[in-house]
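Peer 1: Pasting a structure below so you can have a look.
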Amino acid sequence: MDEGSCIHADGQSVVSFSRWFHATHIPERAATTDMIHDLPERFQQNLRHYLLGGKEEVVHEAARILGAQHERMEVVGVRNGYFRSEDEDELCEQISASGADVLWVGMGKPAEQKFCLRNRNKLKVPVIITCGGCYNYVTGHYPRAPMWMQNAGLEWVFRLMDDPKKLFWRYALTNPHSVFCAWRYRKSRRG
């Protein structure tokens, strides 16, 4: 989706495609699993965060861990990702009333992107970041790849080995499609 105000390179493939197919290179991957820790550490003042998505116990545990780990991270609201579409107006009011500076939306693709697009005019939050399964990484329910694999752009291989049943077909279908789209984009830019 190209309707966001700022799109970050969460996957190594985006960084690689920028190097292979575009004159302007993306310098490095900006993994959301790192960003959720980097933002409160690098911002000079306290930021208020709202965590939306995931299972009830996971999102609450993630809020507790993040609040304990980061002095300048105040979690002002938490809500699991299981709600009906008719509840979205009330949910947006609650999120806006929380005074959050940053809303993290972790409901998986494409549900989280669709939620954000549907509700962006209702949400009175300066920054909204989609974050997939980020809360599961914060809590340790999903393991992170060793740092050498992350630095080499191979975290996806680690994830595939960790959960092949879930990820094999996702990668088998989406990776070739992504390569084709990047190649087609490059070809259209040259033509």
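Just so it is clear, none of the values below were taken in a lab; they were calculated from the coordinates. Quick caveat, the model's predicted, so the values are computed rather than measured. Every residue, glycine among them, receives a Cβ derived from its backbone with ideal geometry; neighbour counts consider all protein chains shown.
Peer 1: If each DSSP helix of 4+ residues adds -39,500 (n - 2.57) and the sum is divided by the residues in the chain, what number results at 222 nm, nearest 500 deg cm²/dmol? Kindly include the intermediate steps, with their values, before the conclusion.
Peer 2: Working: 9 runs with 100 residues, N = 191.
Result for the chain: -16000 deg cm²/dmol, rounded to the nearest 500.
Peer 1: Please arrange Met149, Met107 by counting, for each residue, the other beta carbons lying within 10 Å of its beta carbon, fewest first. All intermediate terms of the calculation are to be shown ahead of the outcome.
Peer 2: On the way: Met149 15, Met107 22.
Lowest to highest Cβ neighbour count: Met149, Met107.
Peer 1: On to the next question. What's the FRET efficiency of Lys122 with Trp148 using the Cβ-Cβ distance as r and R₀ = 30 Å, to the nearest 0.05? Can you show the working numbers first?
Peer 2: Details: r = 43 Å, r/R0 = 1.44.
Result of the calculation: an efficiency of 0.10.
Peer 1: Related question: Roughly what angle does helix 12-21 make with the longest principal axis of the chain, taking Cα atoms, 0 to 90 degrees, to the nearest 10?
Peer 2: The answer is roughly 40 degrees.
Peer 1: May I ask you to order 113-125, 12-24, 131-143, 177-189 by the average number of other C-beta atoms within 10 Å around their residues, highest value first? Can you show the working numbers first?
Peer 2: Values: 113-125: 15.9, 12-24: 14.4, 131-143: 19.8, 177-189: 12.1.
In decreasing order of mean packing, 113-125, 12-24, 131-143, 177-189 become 131-143, 113-125, 12-24, 177-189.
Peer 1: Arg72 to Lys114: extension gain in nm, 0.36 nm per residue of separation minus the Cα-Cα distance?
Peer 2: 12.1 nm
Peer 1: I need two numbers for the range 31-142: Rg to one decimal and Dmax as a whole number, Cα atoms only, in Å.
Peer 2: 12.8, 38
Peer 1: For helix 88-97, report the angle its Cα long axis makes with the longest principal axis of the Cα atoms of the chain; keep it between 0 and 90° and round to the nearest 10°.
Peer 2: Taking the Cα atoms of the chain, the angle to 88-97 is about 70 degrees.
Peer 1: Would you kindly derive the ³J(HN,Hα) couplings of the range 67-80 from the backbone phi angles with the Karplus curve 6.51 cos²θ - 1.76 cosθ + 1.60 (θ = phi - 60°), listing them in order in whole Hz, with x for Gly and Pro?
Peer 2: Once θ is set to phi - 60°, the couplings for the range 67-80 become x, 6, 7, 10, 4, 9, 10, 9, 8, 9, x, 9, 8, 5 Hz.
Peer 1: Next question. Could you state the orientation-averaged shadow area of the convex hull built on the Cα atoms of the chain, in nm² to one decimal? Write out the running numbers ahead of the final one.
Peer 2: Working: hull surface 48.3 nm².
In nm², the orientation-averaged hull projection of the chain is 12.1.
Peer 1: Taking +1 at the Cβ of each Lys and Arg and -1 at the Cβ of each Asp and Glu, which of Val138, Val102, Leu117 sits farthest along the dipole of the range 31-142 towards its positive end, judged by Cα position relative to the Cα centre?
Peer 2: Leu117
Peer 1: What is the calculated FRET efficiency for Arg184 to Arg64, with r their C-beta to C-beta distance and R₀ = 45 Å, to the nearest 0.05? Mind dumping the intermediate values first?
Peer 2: Details: r = 45 Å, r/R0 = 1.01.
E between Arg184 and Arg64, to the nearest 0.05, is 0.50.
Peer 1: So which trypsin sites (Lys or Arg not before Pro) in the range 35-110 pass both tests, a DSSP loop state and at most 11 other Cβ atoms within 10 Å of the Cβ?
Peer 2: Details: sites: Arg42, Arg48, Lys55, Arg64, Arg72, Arg79, Arg84; in loops: Lys55, Arg72, Arg84.
Here the sparse-neighbourhood loop sites are Arg84.
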